[in-house]
1. For the range 282-339, run through the GluC sites (Glu not before Pro) and keep only the ones in DSSP coil with at most 15 other Cβ atoms within 10 Å of their Cβ.
2. How big is the dipole moment of the chain about its Cα centre under a simple scheme where the beta carbon of each Lys and Arg is +1, that of each Asp and Glu is -1, and everything else is neutral? Debye, nearest 20, please.
3. Using Cα springs under 10 Å in a Gaussian network model of the chain, which residue among 194, 257, 104 shows the largest mean-square fluctuation?
4. Over the residues of the range 182-223, compute the C-alpha Rg and express it relative to 2.2 N^0.38 Å.
5. What is the distance in Å between the Cα centres of the range 225-252 and the range 302-366?
6. What longest range of the chain stays clear of loop-exposed chymotrypsin sites (Phe, Trp or Tyr not before Pro) (DSSP non-H/G/I/E/B, at most 16 other C-beta within 10 angstrom)?
7. Normalising by the residue count of the range 40-90, find the relative contact order in percent from Cα pairs under 8 Å and 6+ residues apart.
8. Using the eigenvalues of the Cα gyration tensor, what equivalent ellipsoid semi-axes result for the range 153-272 when each is taken as the square root of five times the eigenvalue, whole Å, largest first?
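All of the numbers you see were taken from the coordinates with simple rules; none came from a lab. Just so you know, these numbers come straight off a predicted model, no measurement behind them. Here the Cβ positions follow ideal geometry from the backbone for every residue, glycine too, while neighbour counts run over all protein chains shown.
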Amino acid sequence: MTVFSLTQDTAQPLLAIAQASRQAAQTLASLSTDDKNRAIEAIAAALEARASEIVLANRADCEAAVADNLAKPLYERLKLDRVKLAGAIAGVRDVARLSDPVGTVQLHRELDEGLVLKRVSVPLGVLGVIFESRPDAVMQISALAIKSGNGVILKGGKEAIGSCIALVQAIQQGLEQAGVDPAAVQLLTTREETRALLDLEGYVDLIIPRGSNAFVRFVQENTRIPVLGHADGICHLYVDSEADLEQAIAIAIDAKTAYPSACNAIETLLIHQDLAAEALPALITTLREAQVELRGDEQARAIVPYLVPTTEEDWSTEYSDLILSVKVVESVEGAIAHINTYGSRHTEAIVTRNPATAAYFMDRVDAAGVYHNCSTRFADGFRYGFGAEVGISTQKMPPRGPVGLEGLVTYKYQLVGNGHVSTTYSGSEAKPFTHRDLL
């Protein structure tokens with residue numbers, strides 16, 4: 001692991017920011033649900049009031065991105081027009097309508113008479129969220145942080161700096177108007193601050209990176225702070241021998257072309273050999289009409305000769321573009337083996353009319369999301385009803401998949417007694433515990 005030594009110029013201001021965030025988070029953690037909801041509504045109102053300013057800042061970012069030849073997937077994520085902004089503000093308000101994740105009693109147990117244990121959900125503290133492009137993430141993450149009682153330090157990519165500044169200024173204005181310390185939401189703007197943020201163990205409780213594979217891996221390898229995120233979004237669609245072809249075509253088109261730069265877009269299409277000769281030409285034709293560049297293995301090219309030959313690298317590549325690799329498999333077991341070898345544990349889907357095959361696939365595929373007869377594009381916090389998401393986690397330990405409010409809280413044990421001591425319950429005269437659940 002590489003550990004960066006901070007320069008005096010970078011370390012001191014960032015340390016002050018982190019300390020202010022932690023202090024604001026401690027106050028935020030004690031706010032009532034109503035107070036937090038009022039703050040979120042104030043944020044939404046401030047964003048609406050400054051919509052023109054935000055859109056103009058984003059337009060300038062987009063113009064600069066074109067001049068700098070920003071990669072197409074990043075450019076698509078960067079754009080924030082009035083329609084997209086209005087949708088994001090609606091998402092902020094959706095968060096206010098969600099249940100408060102803080103203060104939930106998860107366990108309530110009498111250990112003995114007068115000795116009562118509770119496990120209660122509490123905020124994590126301070127989140128450090130680093131992302132490329134996607135200025136709309138600023139709004140989603142800030143709303144989720146406020147609702148879950150956490151402070152947040154945001155770091156956007158240089159391509160979105162103007163947009164992020166305009167958004168955070170509006171958010172801080174809304175917080176101040178609601179009587180909440182605006183230091184609860186902070187913004188970093190330089191690359192040096194990104195590296196310094198990763199060294200703030202003890203001040204930042206969770207790092208959430210959102211961006212390219214290389215970027216997320218860099219974060220994971222350069223901090224001792226826990227990291228929540230995924231490095232790859234290599235998703236698959238498997239078309240089974242008993243698939244409805246019309247349904248399979250519609251799902252494939254949506255999963256590849258609706259938003260090809262999204263991490264929940266498919267990168268590989270797997271098709272059963274018994275259906276391939278009939279279905280593959282129709283699938284390929286429709287995908288080509290949608291401007292998808294297609295690559296195929298030897299069996300796929302035997303059916304559709306004009307496909308570009310795939311390489312081993314294709315199976316482990318997240319294109320984030322209108323490119324799709326196609327492979328013919330001999331069975332559902334072959335599809336599962338391919339997915340578990342090359343997939344990134346993000347989201348996988350099967351199209352089949354056979355419920356037993358679907359159940360077999362869903363049970364054995366190792367991924368955060370496994371779908372039957374629907375597009376992988378549903379892997380999204382808003383679509384799951386989380387209001388928004390801070391990111392998608394492909395790790396085995398929870399939280400997993402789209403992470404909303406429930407992934408931003410932890411818990412503490414609270415034990416209340418009346419002079420109880422542990423020796424009462426040990427030795428030859430030990431008193432037994434009652435261990436009676438009170439929930």
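1. Numbers: sites: 289, 293, 298, 312, 313, 318, 330, 333; in loops: 318, 330.
The qualifying sites are 330.
2. Details: 39 positive and 55 negative charges, 221 e Å.
Charge dipole of the chain: 1060 debye, to the nearest 20.
3. Of the options given, 104 has the highest mean-square fluctuation.
4. Numbers: Rg = 10.9 Å, N = 42, 2.2 N^0.38 = 9.1 Å.
Working it through for the range 182-223, the quotient is 1.20.
5. 8 Å
6. On the way: sites that count: 4, 306, 384, 433.
Longest run free of exposed loop sites: 5-305.
7. Details: 20 pairs, mean separation 26.9, N = 51.
Rounded, it is 53 percent for the range 40-90.
8. On the way: eigenvalues 290, 74, 31 Å².
Ellipsoid semi-axes (Å, largest first): 38, 19, 13.
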